[in-house]
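Reading through the structure tokens given below for one structure.
The values are calculated or read from the model by the stated rules, or taken from the named source; none is laboratory data. Not measured: the values here are computed from a predicted model. A quick note on method: Cβ atoms are made from the backbone with ideal geometry, for glycine too, and the neighbour counts reach across all protein chains shown.
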Amino acid sequence: MPSRIVAGNWKMHGSRTFVAGYAAALRDRVGSAAGVDVVLFPPSILLDALSRALAELPVQVGVQTVHAEAQGAFTGETAAEMAVDAGASWTLAGHSERRQYQGETDAMVADRVAAALRAGLRPMLCVGESLDERRAGQAEAVVLRQLEAVLDRVGDGLGVGAVAYEPVWAIGTGETASPEQAQAMHAVIREALTGRGLEQVPLLYGGSVKPDNAGALFRQPDVDGGLVGGASLDAQAFAEIIAAAVE
Ligand code: PGA
């Protein structure tokens with residue numbers, strides 16, 4: 001069985017004050033997370049503060065993206081090695097907001113996943129179709145294209161990572177894929193991974209996961225957890241989502 005993971009993507013939210021309050025709130029609530037890996041992805045400038053604040057808790061931290069190179073004249077970028085140095089053990093790769101606003105192509109995402117593996121970071125590859133692509137009947141083709149681009153580059157290197165299916169139309173919109181829609185796409189992803197001997201890679205669903213819908217999503221056979229955006233900023237809500245993955 002793939003391991004269960006609940007991850008929180010803070011996006012561009014937070015501060016050192018927020019980190020301190022959040023860690024304190026989570027400390028009282030995360031004790032029951034047996035069998036579930038918990039990961040938080042803060043903005044990179046808060047990585048060090050958050051990893052220190054969570055040092056006593058069974059919570060890992062990750063960076064939201066890494067550059068392909070280990071160092072160099074790339075103003076504003078973060079190398080995977082630097083994220084490791086700041087306490088990260090995971091990185092997101094190919095989040096739809098980076099594909100959309102930063103122009104990350106499938107090839108760039110593959111390079112970043114390769115960089116993560118070079119540095120010993122576990123990649124959490126994000127894939128997902130837009131509403132137009134779904135309406136055009138292209139959802140599976142888009143998701144498989146995004147996945148294959150990375151598999152063709154790193155092969156079974158992805159075995160140390162995870163894949164998050166995040167339909168773009170469900171991110172930050174309050175609209176969640178139904179458990180059946182999530183399961184259907186996860187089954188497609190699982191089949192593609194199994195063809196490469198990677199059936200153990202955890203598959204997370206992301207897109208408006210909340211305490212009240214997490215349980216139904218996580219009960220689907222191929223949904224091994226969630227990647228949570230907005231609701232992960234509330235330690236209480238995030239803890240409830242973790243608890244839904246434990247059950
Ligand atoms: P959301 O974001 O939970 O706020 O929809 C999910 C994500 O973008 O990872």
Checklist entry - In the stretch 222-240, what residues are more than 15 Å from the ligand (Cβ to nearest atom), surrounded by fewer than 24 Cβ atoms within 10 Å (Cβ to Cβ) and not in a helix (DSSP H, G or I)? => result ASP222
Checklist entry - Here are some residues: ALA34, ALA79, ALA20. Which one is surrounded by 15 or more Cβ atoms within 10 Å (Cβ to Cβ) and in contact with a helix residue (DSSP H, G or I) (Cβ under 9 Å, 6 or more places away or on another chain)? => result ALA79
Item to check | Per-region count, the stretch 135-171, residues within 16 Å of the ligand (Cβ to nearest atom) and either over 16 Å from ILE189 (Cβ atoms) or assigned to a helix (DSSP H, G or I) (or both) | outcome: 6
Checklist entry - Counting only residues that are farther than 23 Å from VAL38 by Cα and either surrounded by fewer than 22 Cβ atoms within 10 Å (Cβ to Cβ) or not β-branched (Val, Ile, Thr) (or both), how many does the stretch 92-113 have? => result 12
Checklist outcome for this item: LEU40 vs (1) at pLDDT 95 or above; (2) within 19 Å of ARG4 (Cα to Cα); (3) over 19 Å from the mean Cα position of the chain (by Cα): all pass except (3)
Next on the checklist: Suppose the filter is assigned to a loop (DSSP other than H, G, I, E, B), within 20 Å of VAL209 (Cα to Cα), among the small types (Gly, Ala, Ser) and modelled with pLDDT of 95 or more; does GLY8 pass it?
Outcome noted: no
Checklist entry - In the set ARG219, ARG134, ARG153, which member is free of Cβ contacts under 8 Å to residues at least 40 places away in the same chain and surrounded by fewer than 23 Cβ atoms within 10 Å (Cβ to Cβ)? => result ARG134
Next on the checklist: Name the single residue that is farthest from VAL143 (Cα to Cα) among those in the stretch 66-109 being within 16 Å of the ligand (Cβ to nearest atom) and assigned to a helix (DSSP H, G or I).
Outcome noted: TYR101
Checklist entry - Would a scan of the stretch 192-209 turn up a residue that is surrounded by fewer than 23 Cβ atoms within 10 Å (Cβ to Cβ), within 12 Å of the ligand (Cβ to nearest atom) and not aromatic (Phe, Trp, Tyr)? => result yes
Next on the checklist: Pull out all pairs, ordered by first then second residue, where Cβ-Cβ is under 7 Å, the residues are six or more apart or on different chains, the first lies in the stretch 88-111 and is closer than 13 Å to VAL127 by Cβ, and the second is within 11 Å of the ligand (Cβ to nearest atom) and in a loop (DSSP other than H, G, I, E, B).
Outcome noted: LEU92/GLN64; HIS95/GLN64; SER96/GLY128; SER96/GLU166; SER96/ILE171
